[in-house]
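Have a look at the structure below, then the notes.
The values are calculated or read from the model by the stated rules, or taken from the named source; none is laboratory data. All of these numbers come straight from a predicted model, not from anything done at the bench. Ideal geometry is used to build each Cβ from the backbone, glycine not excepted, and the neighbour counts take in all protein chains shown.
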Amino acid sequence: MKKFLFTDLDDTLFQSDRKLSPQESWTPLAYLSDGNPISYANPAQRSVLEMFQREMTIIPVTARNIDAFRRVDIRFTAEAILNYGGIILDADGSPDAEWLERGREAAIHTEPLLNELLIMIENECLKSGLDLKVRIIRDADIPFYIVAKSRSGNTGHIATATAFVRSLLAEHSFCRDIAVHENHNNLALIPKWLDKRHAVEYLCGKLAAEHGDIVTFGMGDSLIDLNFMRSCHYMIVPNGSQISSSRMGGL
């Protein structure tokens, strides 16, 4: 029976040097647009990745866009799920046309809301002195979601912005279709139609039609990953991740 691992990338297969300073034995696996390494795998992560590559077909499930994904130095041989599930790349690197059109149609309805929320958050940043860079993430000319990051890595500013956003969404019913994701120096406002789980389930259907019965594994570090991981037969969680700290910290 063919085995597939659906896995998040950042802080799962490797981690950013902004969080942990790389040591000499660590392997760079992701790069900035200027070519400088930004994310590394320690020896244990590298060993686990090699095991997965031998035993399973690995399918990335990531928030990265097409450009950022292509700066990941791991050889993937099958499909890839990008932009929180907004884009699926076929094994040859071309977007799945059917899935792309679904996203394009859904985004038409949520783009005005994203634009409005962007202005509100930017105004709050000015009012409260938050050093956040806030923008709408677009890929393949589709507006997917809003992301805010602290320019200085001030996670307190991210927490303040998250509290503001949650109060904003609670106050306005027209925002009920927006999900909030906060993890370290990252705040994302994601339309609920955009979900890694939807893309994983769509792709599982295609893979089962091609291969017959399959076994699926889901691996991720963030709470937002739990949705797609629950769609798999088995779940894998890195120790020290947001999932393990939030859901398993008292064990």
Taking the stretch 182-234 and keeping residues under 16 Å from T57 (Cα atoms), of a type in the set (D, E, K, R) and without any contact (Cβ under 8 Å) to a residue 24 or more places away in the chain leaves K206, E210
Every listed condition ((1) hydrophobic (A, V, I, L, M, F, W, C); (2) surrounded by fewer than 16 Cβ atoms within 10 Å (Cβ to Cβ); (3) farther than 21 Å from V237 by Cα) holds for F69 save (2)
Going through (1) in contact with a helix residue (DSSP H, G or I) (Cβ under 7 Å, 6 or more places away or on another chain); (2) in contact (Cβ under 8 Å) with a residue 40 or more places away in the chain; (3) crowded, with 21+ Cβ neighbours inside 10 Å one by one, A80 fails only at (2)
Apart from one, (1) in contact (Cβ under 8 Å) with a residue 60 or more places away in the chain; (2) assigned to a loop (DSSP other than H, G, I, E, B); (3) not charged (D, E, K, R) all hold for G35; the odd one out is (1)
Those residues of the stretch 23-42 which are under 25 Å from L223 (Cα atoms) and more than 20 Å from the chain's Cα centre (by Cα) amount to N42
Considering only the stretch 23-37, I want to know if a residue exists there that is surrounded by 16 or more Cβ atoms within 10 Å (Cβ to Cβ) and aliphatic (A, V, I, L, M). yes
Of A107, A78, the only residue that is over 22 Å from D8 (Cβ atoms) and touching a Phe, Trp or Tyr at 6+ places or on another chain (Cβ under 9 Å) is A107
Exception for R138 within (1) over 24 Å from D221 (Cβ atoms); (2) surrounded by 21 or more Cβ atoms within 10 Å (Cβ to Cβ) falls at (2)
Scanning the stretch 149-201 for residues that are part of a loop (DSSP other than H, G, I, E, B) and among the basic types (K, R), the one surrounded by the fewest Cβ atoms within 10 Å (Cβ to Cβ) turns out to be R176
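Listed here are the residues, each with its yes/no results for (1) under 18 Å from D139 (Cβ atoms); (2) at pLDDT 95 or above.
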{"position": "F6", "(1), (2)": "no, yes"}
{"position": "S16", "(1), (2)": "no, no"}
{"position": "A44", "(1), (2)": "no, no"}
{"position": "T62", "(1), (2)": "yes, yes"}
{"position": "D67", "(1), (2)": "yes, yes"}
Per the filter on the stretch 202-221, residues surrounded by 21 or more Cβ atoms within 10 Å (Cβ to Cβ) and more than 20 Å from L89 (Cβ to Cβ) are D221
Would you mind stating whether R64 is among the basic types (K, R) and surrounded by fewer than 18 Cβ atoms within 10 Å (Cβ to Cβ)? no
Query raised in the report: Any residue in the stretch 127-145 that is within 27 Å of I108 (Cα to Cα), touching a residue at least 40 places away in the same chain (Cβ under 8 Å) and part of a helix (DSSP H, G or I)?
Result: no
When (1) in a loop (DSSP other than H, G, I, E, B); (2) within 15 Å of the chain's Cα centre (by Cα) are applied to D92, the one that fails is (2)
